[in-house]
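Scroll down for the structure; my scribbles are underneath it.
Every read-out reported here was derived from the displayed coordinates using simple, explicitly stated rules and does not represent laboratory data. As the structure is a computational prediction, the values presented were derived from the model and not from experiment. For neighbour counting, all protein chains shown are included, and Cβ atoms are generated from backbone atoms with ideal geometry for every residue, glycine included.
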Amino acid sequence: MAKMKMKPGVVTGTALQEMFEYLKEERCALPAVNVIGSNSINAALQAAREASSPIMIQFSNGGGVFNAGKYLDNTNQRAAIAGSAAGAMHVWKMAELYEVPVILHTDHCARKLLPWIDGLISEGEKYYKQHGVPLYSSHMLDLSEEELEDNIKTSAEFLERMAKIDMTLEIELGVTGGEEDGVDNTAVDNAKLYTQPEDVLTAYDALKPLGNFTVAAAFGNTHGVYKPGNVKLRPEILKHSQEMVRKERGLSADKPLDLVFHGGSGSDLEKIHEALEYGVVKMNIDTDTQWAFTKPVREYMDKNHDYLMAQIGNPEGDDIPNKKKIDPRQWLVEGEKGSTARLVQAFKDLRSFNQFDLGL
Ligand SMILES: [Zn+2]
């Protein structure tokens, strides 16, 4: 199959759905990287350029707050909304210059954080009025800890509003293990770590008539990187969900669902590839890119230790200034390079490296 052609800029609406179809046909997926500001955004854009591929860039609630300033008043999620919106503006502006397509997304949103997404959709509606496109490509609601009925009811309400401005919704069914962004699921009952195909069918029936959505299904995946434990990755759960929806609703499409893989960091490559067979279009990566950013910064600090003890004075002389070594750009760029390299590896692991024609 010929490589899919895509234009630079933020991908929304039908173009996003066409891209998902292509990814499923080609059995590849895109990395979705959590960002916290311009350093991590630019590292992601550079990685997409090197991989000649679109990339998914996402803000978590904490990432949005951090982009606004961690100590800013966050009453009614105002800092999270403004920080996430400002980060999106940066992406809109820079994606053109890096000449890469970007899917702009937000990560987990539990019920107590709904005012954050509500506020971002309002920003999206304003943006749509001005530009004919939404600010974000998609948002995630994660009400997976609640009863299925409540999860779907709220998800449907949000999707109705989002579909009007060409946005896609990501939902979660079953619980991703581990801990992320202050949500601790390390003690969750094992059965909840595996999504039931019946639940996926229920969600499909409720949401499909309303608009476009993706499903983060739990198949033993966990946030963070831990010592291998008793939870096993079982990608066949994804296959069973696809089969159930296809058979029960008499669909011709082989893989009717667009699936999402959370907690990709530290996952076994063989299991990742198996998940790609079953219609995973996106894999979240956070802990691995955090480490890829921090490690070279630590190495910089270690290597230049004697030059970073004071503004003046180093092994070359007591009067020699250390200005060049102190400049934060010197070590932030090392973090950016580390993060970019790890993301390029993720494109290769997910088989999306060089799978698109971006005209570069
Ligand atoms: Zn997640």
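When only DSSP loop residues count, what GluC sites (Glu not before Pro) in the range 287-360 have their Cβ near at most 11 other Cβ atoms within 10 Å?
316
Counting only Cβ charges, +1 for Lys and Arg and -1 for Asp and Glu, the dipole size of the range 98-223 around its Cα centre is about 520 debye. Placing unit charges on the Cβ atoms of the charged side chains and taking the dipole of the chain about its Cα centre, the candidate lying farthest along the positive direction among 43, 174, 106 is 43.
Farthest towards the positive end of the charge dipole of the range 113-154, among the residues 117, 136, 151, is the Cα of 136, using unit charges on the Cβ of Lys, Arg, Asp and Glu. Applying the Karplus relation 6.51 cos²θ - 1.76 cosθ + 1.60 with θ = phi - 60° to the range 80-87 yields 3J(HN,Hα) values of 5, 5, 5, x, 5, 5, 5, x Hz, where x marks Gly and Pro.
Taking a 19 Å limit on the Cα-Cα distance, which of the listed pairs 208/247; 271/348; 24/337; 271/295; 129/153 fall beyond it? The answer is 24/337; 271/295; 129/153. Once the Cα atoms are used to define both axes, helix 197-207 deviates from the longest principal axis of the chain by about 90 degrees.
Computed from point charges on the beta carbon alone (+1 for Lys and Arg, -1 for Asp and Glu), the dipole magnitude for the chain about its Cα centre is near 800 Debye. Taking the longest Cα principal axis of the chain as reference, the axis of helix 236-248 is set at about 30 degrees. Select from 84, 300, 222 the residue farthest towards the positive end of the dipole of the chain; place +1 on Cβ of Lys and Arg, -1 on Cβ of Asp and Glu, and compute about the Cα centre. Comparing the listed Cα positions along the dipole, 300 ranks first. Against the chain, whose longest principal axis is taken from its Cα atoms, helix 148-163 shows a tilt of about 70°.
Charging the Cβ of each Asp and Glu at -1 and of each Lys and Arg at +1, and nothing else, the dipole of the range 195-303 about its Cα centre rounds to 140 debye. For the chain, the relative contact order works out to 22 percent when only alpha carbon pairs closer than 8 Å and six or more residues apart are counted. Near residue 10, the amide H atoms lying under 5 Å from its own belong to 102; only residues 5 or more places off or on other chains count, and H is placed 1.01 Å from N.
Remark on residue 258: its backbone amide H falls under 5 Å from those of 215, a criterion applied only to residues 5 or more positions apart or on other chains, H modelled at 1.01 Å from N.
Taking amide hydrogens as placed 1.01 Å from N in the peptide plane, the amide H of residue 313 sits under 5 Å from those of 320, 322, each at least 5 positions away in sequence or on another chain. Between residue 146 and residue 247, the simple spin-label model (points 7 angstrom out along Cα→Cβ) gives 3.1 nm.
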